[in-house]
Every structure is written in structure tokens, then in C-alpha cells.
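Structure record follows, encoded as C-alpha cells.
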Amino acid sequence: MQVLKFGGTSVGSPERIKEVARLIDDGKPKIVVLSAMSGTTNALVEISNYLYKKNFDAASEKISALEQKYFTVVDELLSTEKYKALGNDLIKGHFGYIRSFVRDMFTMYEEKEILAQGEQISTALMNYYLQESGRHSDLISALNFMRIDKNGEPDDYYIRENINRELRQLGDYYLVITQGFICRNTMGKVDNLQRGGSDYSASIIGAAVDAEEIQIWTDIDGMHTNDPRVVDHTHAIAELSFDEAAELAYFGAKILHPTCVVPAKLANIPVRIKNTLEPSAAGTIIKKDVPKVPIRAIAAKDGITAIKIKSDRMLMAHGFLRKVFEIFETYETSIDMVTTSEVGVSVTIDNTKNLEPILSELRKYGTVEAEGDYVIVCVVGDLSAQVNGIAAVVLTAMKNIPIRMISYGGSNYNISMLVKSEYKKQALQDLSKNIFKEF
């Protein structure tokens, strides 16, 4: 059994849906996890925003425009009278449901109901196309088995029990279609996996059914040695360890969300990244045991804010760091990098939603400075490999770039450096030019 996930661009048009159908129909047992068609979730968010503001005319106009787009998709995707009628009825049903929210009261839970329509439509349309083409497929709703607990984390026991129950009811199944991203919460209401979306869904499902492999199909042929939008002559990395992949994903490799790796790592299930536009490409395989390589890749995480807390009382002050970190915990704000001295501590964050109250709380303990427009440049590899001089080579490559902070030693898999955004391109290019020829 394999679990395959296809993102919004992979099913973004009738032609792409047909191509995905050809890719998945090879007679081997698999579960296929689909995102909403590209652009749909953004449109549903826009509709929800209009409803929050009680701008019902704008919401209705946006609903009608999106509905018409899907009628066009049905007309181009399906060819027989029977399935065109089924497709059109499907669209009418979902958009009639969305229109039912055009009223005075609109809540967060209703927004999540609306957002869930995109994945439900894309999976139903895929199932109709497969059946019209004479392929045997089954559609199961993620809302029947995917659930999060009170902390927003996957309820692993519930998911395992219920997805396997759903599969047993299908009998001799081999091609199962389901939704990514959407789930239910502990109250039974429609919710979503905010972190990682459909990638996370695929990894959770793979672990729950003891899959032999999880495949993430996207529009690039794997994780690259550097950002191909900025640096020339990058190439897909053949293999990565789970830890290396998580570091790259966390520090800017947008192709994969860091949470996606965790369920697969815990279950020791390989994750393969493939390109729907070039299916024959080998892609990147992520697994437990790979050869140790000092430097695998370089990534950059944008939108970073640096915060410096300076206190003359910090020297020998018991509990100072605990108090600082508790402030960030209170406001549910993760810290990326930390450096300390005897009189201060500097941290970086990428979520500035609660920046002002955080700064206000921190000022109780000293002088506080905050500055945005930074980038974390991260060099990822197996730093435990028996190779001397890795840090020296990395820092020499960065000799022409002002570095605000360095994190080295907190992980065996990365060296992170904080630089102003204006130096991002130069940093990525200089690192690529200098470090790969050394290792």
C-alpha cells in the first residue's frame, strides 16, 4: 500500500486532473490524498472575509464566480451526459451550501466548513472522472476518520481505528480517494490541519495504514541543493535523512512542510517527493538510513524579526531565561534562533501577530530592541560526519556578508545565520559557489 498526495497545482485544471488519474491507475493498492484545486482555498478565504464583514453582495458575487468556474471544469473534465449531470449536481450542492452562510451570523467554525468545500469538490470530481473512464475507485471522506485532539494534534489512535474500518468496508479496494487538510475536532465540528495541510494528512494516513511509502507529488522534482529561483545550477537531492529534510523544510524549503516528516519518521516510512510535470524523474527519497554527507543543501527562511533583550541584572540572575521564554509561550510564538551573553539574549521569530504585547512584557526585564526584515540562511547536512572545518568553510563563504546571529551546535544537522533580507541572494549564491566544492 502506498499513499500519494497531490497538491493544488497538480489538480489545478481538467488537464492536470486527467494526468493525475493516469499516474495513479497502475493497478497497485494506494490511497490518494488531494488538495483543493489551485486558487480555490484563497477564493473561499476571501468569501469568508466578506461574510465576517457582512458584505453579502461581494460574498455572493465571489461565490457565483467560483461556482461558474467549476461548471466550466465539469464541462471540460467529464464527457458523458450521466457524469456531466452528476458533476453539475455536485457543484450546485456545494455552492448552495456555501450560500447558506450568507446571513448575519458567521463564526470561525462556519468558516472552516466553507474552507472544507474545496477538497470535497476536487476529490469528488476526481472520483467521477476515474469511474467515467472505467477505473474502479472509491471515495472516502476524511471527515469520517481524520480527527485532532484538544491541542490541535492528530488523534493517532482514533485515526488508525477509523481509517482502517473505512478501508475494510470497501472489500478488495486498490484505489481510494480522500481529502487532505480537512478533519474534525474533539467537538465533532469540521476543522483543519493548519500546519502542513495535505502533506501532513498524507503522512498521518501513511502511518495509520502502515504504508510502504508516502509520495508527495508537486511541481518540482524534489528538494534541491539550493533555491532554484535564486541560484543557478541547483539539482534535486537524491536522498535525505528525516532530520535533514525536517531542517530544510523548517528553514525555507517550501516544497515540504516540516510537520509532514514527523509521522513518517516515527513509523519509519520513506517519503518520496515526485514531480507531476516530470513523472519519470527520480525525485528525492527521505528515509531513516542514508550515507552521511557533511553538506546536503542550503535554504533560507524569510520574514524574520530579531529581538534583543539586554539586562544589567542578567549576570548570575537565576530564572531570567525561563521568564523570557515563558512570555513567548504565553503568546504561542515559536522561537527560531537563540544567542546569549552575560548581559543579554537575542532571539528570532517569524510570527509577529503578538509582537507588541510580547515586547511590552519583555521590557519588564530590561531594554528591548526589535528589528524586522531579516532572513535565516541555513546550511543543512550531517554535521556529525567525521569531517573537520565545516564551520570554517561556511563562515569563509559568508565573509562578505554582515551576520547578525549564528546558531551552531544546537542540532547535528544545521548551521543557521541571520542576515538582512537584502543579503539573501548573495548569501545563497556565495554559499553554493564555495561550500559544495569543499565537501
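Bear in mind these aren't lab numbers, they're just calculated from the coordinates by the rules spelled out. Treat the numbers as computed from the prediction; the structure is a model and nothing was measured. Using ideal geometry, Cβ is built from the backbone for each residue, glycine included, and neighbour counts are taken over all protein chains shown.
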- At a Cα cut-off below 22 Å, give the lysines reachable from Lys265, other chains included and same-chain residues fewer than 8 away excluded. Lys5, Lys30, Lys254, Lys274, Lys287, Lys288, Lys292
- Using just the alpha carbons, could you tell me how many Å³ per residue the convex hull of the chain encloses? 167
- Kindly give the semi-axes, whole Å and largest first, of the ellipsoid equivalent to segment 179-263, taking each as the square root of 5 times a Cα gyration tensor eigenvalue. 27, 14, 11
- Query: For the chain, what is the relative contact order in percent, using Cα pairs closer than 8 Å and at least 6 residues apart in sequence?
  - Reply: 13
- Kirkwood Rh for segment 84-174 from C-alpha pairs, in Å, is 15.5
- Item | Proximal lysine pairs, segment 313-439, alpha carbons under 24 Å, eight or more residues apart or interchain | 15
- Task: Run the quick spin-label model on Asn412 and Lys292: label points 7 Å from Cα toward the beta carbon, then report their separation in nm to one decimal.
- Result: 0.7
- Which value results for Rg/Rh of segment 6-46 when Rg is the Cα radius of gyration and Rh the Kirkwood radius based on the inverse mean 1/r? 1.07
- Message: Tell me the Kirkwood radius of segment 340-413: reciprocal of the mean inverse pair distance over distinct alpha-carbon atoms, in Å.
- Response: 15.3
- State the antiparallel share, in %, of DSSP beta bridges confined to the chain, rounding to the nearest 5. 60
- Query: Ranked highest first by average number of other Cβ atoms within 10 Å, how do 374-383, 48-57, 135-144 line up?
  - Reply: 374-383, 135-144, 48-57
- Item | Rounded to 10°, Cα long-axis angle of helix 320-330 versus longest principal axis of the chain | 20
- Query: Just how far, in whole angstrom, is segment 369-439 from segment 222-273 if you go by their alpha carbon centroids?
  - Reply: 18
- Rounded, prolate or oblate (a/c below 1.5 giving rounded, otherwise prolate when a/b exceeds b/c) for segment 84-239 by Cα gyration tensor: rounded
- D (Stokes-Einstein, µm²/s), Kirkwood Cα radius, segment 1-142, 1.306 mPa s at 10 °C: 101
- Item | Degrees separating the helix 81-99 axis from the principal Cα axis of the chain, which is the longest one | 50
- Task: Scan the chain and hand back the longest stretch that contains none of the GluC sites (Glu not before Pro) lying in DSSP loops with at most 11 other Cβ atoms within 10 Å.
- Result: 1-331
- Name the trypsin sites (Lys or Arg not before Pro) in segment 365-439 that are in a loop by DSSP and that have at most 10 other C-beta atoms within 10 Å, would you? Lys399, Lys437
- Task: Relative to the longest principal axis of the C-alpha atoms of the chain, give the angle of the C-alpha long axis of helix 40-52, reported between 0 and 90° and rounded to the nearest 10°.
- Result: 90
